[in-house]
Amino acid sequence: MTRWFIIALISLAVLLLQTTLIPFVAVGTIVPDLILIWVVVLGIARGQITASTVGFVLGLGLDLLAGDDGMLGLSSLTKTVAGFMAGYTFNENKTMQNLSSAQFPLTVAVVSLVHNLLYFVIFLQGTDISWNDAVLRHGIPATAYTVLVSLIPMFIMARRNRS
């Protein structure tokens, strides 16, 4: 129960950061996805079920708090898929090694790219915007920004793992 309480507190903090402070570090319209980074951390550290569950709840929270796109549940779907994908990297014996090595930003990159592709394929249904254009202008830059930000927890974990 203590583990779930800590996960819930960190998840709430990440959700609040994502919806309040992260828009201020936007580069144009591109923002890093802290929720996705947290879901990947959970996938690596706790597995698919925990990461998918937290991804769903945080995605729904994101839709409710910043739901300016009018598609309630889209973030829940994409964050759940992201958690499920990240959970494939779960290895109980190599958690710290995976979080403190280059595998972490690589996992964030792959999961973020699939997350963004799925998001834009669904979001742009019925619009005149081509999804290729949306992915090239928003999806890939958002993935790159998210991977760049994911280096911060990787270096923190690497430093903690060393000492």
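The values are calculated or read from the model by the stated rules, or taken from the named source; none is laboratory data. All of these numbers come straight from a predicted model, not from anything done at the bench. No Cβ is skipped: glycine too gets one built from the backbone with ideal geometry, and neighbour counts run over all protein chains shown.
Observations on the model:
- Considering residues of region 110-131 that are of a type in the set (Gly, Ala, Ser) and without any contact (Cβ under 8 Å) to a residue 40 or more places away in the chain only, the residue surrounded by the fewest Cβ atoms within 10 Å (Cβ to Cβ): Gly126
- Restricting region 66-75 to residues that are surrounded by 14 or more Cβ atoms within 10 Å (Cβ to Cβ) and over 12 Å from Ile122 (Cβ atoms), the residue that is modelled with the lowest pLDDT: Gly67
- Listed by first and then second residue, the pairs with beta-carbon distance under 7 Å, at least 6 apart or on different chains, first residue in region 140-152 and small (Gly, Ala, Ser), second surrounded by 21 or more Cβ atoms within 10 Å (Cβ to Cβ) and not in a helix (DSSP H, G or I), are Ala142/Asp33.
- Phe120 over 20 Å from Ile44 (Cα atoms) and touching a Gly at 6+ places or on another chain (Cβ under 8 Å): yes
- Options Thr78, Thr146; residue that is part of a helix (DSSP H, G or I), touching a Pro at 6+ places or on another chain (Cβ under 6 Å) and within 21 Å of Ile30 (Cβ to Cβ): Thr146
- Residue check for Leu34: in contact (Cβ under 8 Å) with a residue 24 or more places away in the chain, out of contact with any Cys (no Cβ under 6 Å at 6 or more places or on another chain), under 20 Å from Ala158 (Cα atoms) and not aromatic (Phe, Trp, Tyr): yes
- Some residue of region 91-106 being free of Cβ contacts under 8 Å to residues at least 60 places away in the same chain, more than 19 Å from Ile30 (Cβ to Cβ), in contact with a Gly (Cβ under 6 Å, 6 or more places away or on another chain) and of a type in the set (Val, Ile, Thr): no
- One residue stands out in region 19-37 among those that are part of a helix (DSSP H, G or I) and in contact with a Pro (Cβ under 9 Å, 6 or more places away or on another chain): the one that is nearest to Val108 (Cα to Cα), namely Ile37.
- If you go through region 89-138 and keep only what is of a type in the set (Val, Ile, Thr) and outside any helix (DSSP H, G or I), you end up with Thr127, Ile129.
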